[in-house]
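In what follows, a structure is listed as structure tokens, so that the remarks can point back to it.
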Amino acid sequence: MGISGRIAKLFLHSQMTPLLALVAVLLGLFAVLVTPREEEPQINVTMANVLIAYPGASAWDVAQIVATPAEQVLSQIAGVDHVYSVSQPGMAVITVQFKVGEEHVASLVKLYDVVHSNSDWLPQTLGVAQPIIKAKGIDDVPVVALTLWREQAVGGGMALTQVAHAIEAELKRVPGTREVTTVGGTQRVVKVLLNPESLNAFQLSMQDVRAALQTANVARNAGNLVQDNRTLLVQTGNFLSNADEVKQLVVGISEGKPVFLRDIAEVQDGADQPDSYVWFGTGPAAQDKSIETQGEFTAVTVAITKKPGANAVEIADHLLARVEELKGSVIPDDVRVGITRNYGETANDKAMKLIKKLLFATLAVVALVWIAMGRREALVVGVAVMLTLSATLFASWAWGFTLNRVSLFALIFSIGILVDDAIVVVENIHRHRALAPHRSLSEIIPEAVDEVGSPTILATFTVIAALLPMAFVSGLMGPYMSPIPINASMGMLISLAVAFVITPWLVLRFSGASHQTATDESDTALSRFFHKRLTPFLNGEQGKSSRRKLWLVILAGLVLAVGLGVVKLVILKMLPFDNKSEFQVVVDMPSGTSLEQTNAVLHDLGSYLATVPEVTDYEAYAGTAAPINFNGLVRQYYLRRGAEQGDLQVNLRDKHQRSRSSHEIATQVLEPIQAIAKPWGAKVKIVEVPPGPPVMSPLVAEIYGPDYEGARQVAGKVREQFIKTEGI
């Protein structure tokens, strides 16, 4: 007897067998409870920006003196995939992208070590500042974004900023949150508007006023006073706290009398000059979010990220529950809170949808077994499949995977393979029992399992050998899709163990005492059908002609199938479009454009988006970046902080409540918004969340050359060819 038969015989009457089944169930329940649920697989994509300031230098000088030497130094780091730089007047931004899968903390340690141990590459006498390293990873993508806005313009952006900062402190207390930041808003400042005539009259200069303000706005420790067995800290000076204190500040003496700041300047307490604008607009489908008011309103956005390994679903639920508690106290009654991103909700929806499909696939397999072999055999197969899935979920958690759409798809994809082992074993036991009804199951089962054991083992490892190489694909696609080959391979091994260990035990316990004997099936309708159809191909010399015709039909079918892709009746692509409930409009104005003009363009674009039936709301960001998603992380949209740059984050109603997909909507609005932006000289792109791992761009042309102006001219010609190409 082979190994499979011996294993079946060993566990057939063992008391350990039901305990193993119970352990598999408990491990599966444990995995479901503790495995974090997320929308996308967690991929180590470590990127860091090294910011080096060179005040007063031109972009060319920055590139030659700072950026180029920095690239050469940073490219020495092991595990680095790309190093590229952007030089602008007074600043160099060098981006270091590590290879996918490189450990985040270890990569940053190497980067810091190389930067600081090679700091002598920077010119010491030209005023180049020390490098600042800003690291970004998958956990820097906010899972929840809250947009605060008012229907009535009370207090403007500064009042909303104060509310947002108060919310930040409360939301940081929610377990699992990592970083809470406010996007947009205006800070409170005290402005001192000097009167030149008054300065001349009192014989004061701007330097005198500046020195007086710096001297007065200081608090420092002056020492300790020891008295009566106590030590008291002595502190001198106080920080200026309001505009009245600034007005009362003495800045000089004139004719023996003090000169107050109010005598020579106008002191204003209010909002600072805005360096960005954020506002909230409503669309025709705003009622889906219980928004009755139509229009555009000043707003700020609070973005919250989570800690590594935390459950996005639980954190999002706790954050929103905390926000509800803050309404009416920290959040005034007239401030509306719009949930403009909730990746916890979308992750949970996709996970539950895939779990339902997984259960449906399992029930469909059980139903087929019931029809083919009977209800007892179907029960055995059903229990075996559930035990296999439970153990596989635990193995997936132990491997480090989360519950996301890719890992769950791996189980759905492999469900048809996972049931094969149990079905083969149950069917062969069923057949042996029909052929020898007088023998006991204890005698039949080991022989039946042993008979199909070797082919089952071979088939299992053949499937694993076909799937597992997919886990070694490089780039973003490899780690992103790795749950499919790894989960499926682990599931196959577990299903093989269940088929040899637990399935025979289940058959022994669940099968009835009686069983129908084998009957002659050679005269059934199904037998006659196959005999009639297959016999012409199986005859020796007489079947040659039929076999040739069959080969021709198969060849013609293959040619037809390939031809469908060639003539584009079937579009060939890696992954289908994902029907998301959001897309982004990225606006780039000509260099030197004012912030107000960029904001005006966004208003024009927003007015059009407000007419699209599926739009619930949209958020505009002028001079600053919208909260990034995974796509924005790879494309570094968080660096979009300039007066000539703007974003529109467009939210759509739920996909179940609209007939058009998000891709169809984005395609339809592209041409109109480009027409709106053209008179302003703006370049507009619509960016959709990709169905798989993001890339910098689907097509990238890199132009290299010794002459910068020549490279720009070549780049312009390449761009013209791109514009002329259909489909771009």
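The values are calculated or read from the model by the stated rules, or taken from the named source; none is laboratory data. Remember, predicted model here, so these are calculated numbers, not experimental data. Note that each Cβ is placed from the backbone with ideal geometry, even for glycine, and that neighbours are counted across all protein chains shown.
Each residue in the range 293-320 was checked for being touching an Asp or Glu at 6+ places or on another chain (Cβ under 6 Å), under 20 Å from Asp349 (Cα atoms) and among the β-branched types (Val, Ile, Thr), and 1 of them qualify. In the range 176-191, the residue that is nearest to Tyr621 (Cα to Cα) out of those that are among the hydrophobic types (A, V, I, L, M, F, W, C) and surrounded by 20 or more Cβ atoms within 10 Å (Cβ to Cβ) is Val183.
For the range 460-474, the condition holds for no residue, the condition being that it is at positive phi and either part of a helix (DSSP H, G or I) or modelled with pLDDT under 90 (or both).
Residue-wise test of (1) among the hydroxyl-bearing types (Ser, Thr, Tyr); (2) on the phi > 0 side of the Ramachandran plot; (3) outside any strand (DSSP E or B).
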residue: Thr68; (1), (2), (3): yes, no, yes
residue: Gln72; (1), (2), (3): no, no, yes
residue: Ala92; (1), (2), (3): no, no, no
residue: Gln97; (1), (2), (3): no, no, no
residue: Ala106; (1), (2), (3): no, no, yes
residue: Tyr112; (1), (2), (3): yes, no, yes
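For the range 682-697, indicate whether the set of residues that are among the acidic types (Asp, Glu) and assigned to a helix (DSSP H, G or I) is non-empty. Checked against the condition, which is being among the acidic types (Asp, Glu) and assigned to a helix (DSSP H, G or I), the range 682-697 yields no hits at all. Scanning the range 369-406 for residues that are exposed (fewer than 15 other Cβ atoms within 10 Å of the Cβ), in a helix (DSSP H, G or I) and either of a type in the set (Gly, Ala, Ser) or at pLDDT 85 or above (or both) returns Ala372, Ala398, Trp399.
Does Gln294 fit the bill of being under 23 Å from Gly185 (Cα atoms), more than 30 Å from the chain's Cα centre (by Cα) and modelled with pLDDT of 85 or more? Against the criterion (under 23 Å from Gly185 (Cα atoms), more than 30 Å from the chain's Cα centre (by Cα) and modelled with pLDDT of 85 or more), Gln294 qualifies.
If you go through the range 53-71 and keep only what is touching a residue at least 24 places away in the same chain (Cβ under 8 Å) and closer than 30 Å to Ile43 by Cα, you end up with Ala67, Ala70. If you filter the range 628-652 down to residues that are crowded, with 19+ Cβ neighbours inside 10 Å and of a type in the set (S, T, N, Q), you find that the one that is modelled with the lowest pLDDT is Asn629.
Scanning the range 149-195 for residues that are part of a helix (DSSP H, G or I), of a type in the set (D, E, K, R) and at pLDDT below 90 gives no hits. Is the range 330-352 home to any residue that is without any contact (Cβ under 8 Å) to a residue 12 or more places away in the chain, under 22 Å from Asp654 (Cβ atoms) and surrounded by fewer than 20 Cβ atoms within 10 Å (Cβ to Cβ)? Checking the range 330-352: at least one residue is without any contact (Cβ under 8 Å) to a residue 12 or more places away in the chain, under 22 Å from Asp654 (Cβ atoms) and surrounded by fewer than 20 Cβ atoms within 10 Å (Cβ to Cβ). Every test in (1) surrounded by 21 or more Cβ atoms within 10 Å (Cβ to Cβ); (2) in contact with a helix residue (DSSP H, G or I) (Cβ under 7 Å, 6 or more places away or on another chain); (3) within 16 Å of Thr340 (Cβ to Cβ) is passed by Lys580 save one, and that test is (1). The set of residues from the range 72-111 being touching a helix residue (DSSP H, G or I) at 6+ places or on another chain (Cβ under 6 Å), of a type outside the set (Gly, Ala, Ser) and touching a residue at least 24 places away in the same chain (Cβ under 8 Å) comprises Val73, Ile77, Gln88, Pro89, Ile94, Val96, Phe98, Val100.
Which of (1) surrounded by 10 or more Cβ atoms within 10 Å (Cβ to Cβ); (2) out of contact with any strand residue (DSSP E or B) (no Cβ under 6 Å at 6 or more places or on another chain); (3) touching a residue at least 12 places away in the same chain (Cβ under 8 Å) is the odd one out, the single condition Gly592 does not satisfy? So the condition that Gly592 fails would be (1). Exactly one residue out of Ala625, Ala666, Ala711 is in a loop (DSSP other than H, G, I, E, B), of a type in the set (A, V, I, L, M) and either at pLDDT 90 or above or at negative phi (or both): that is Ala625.
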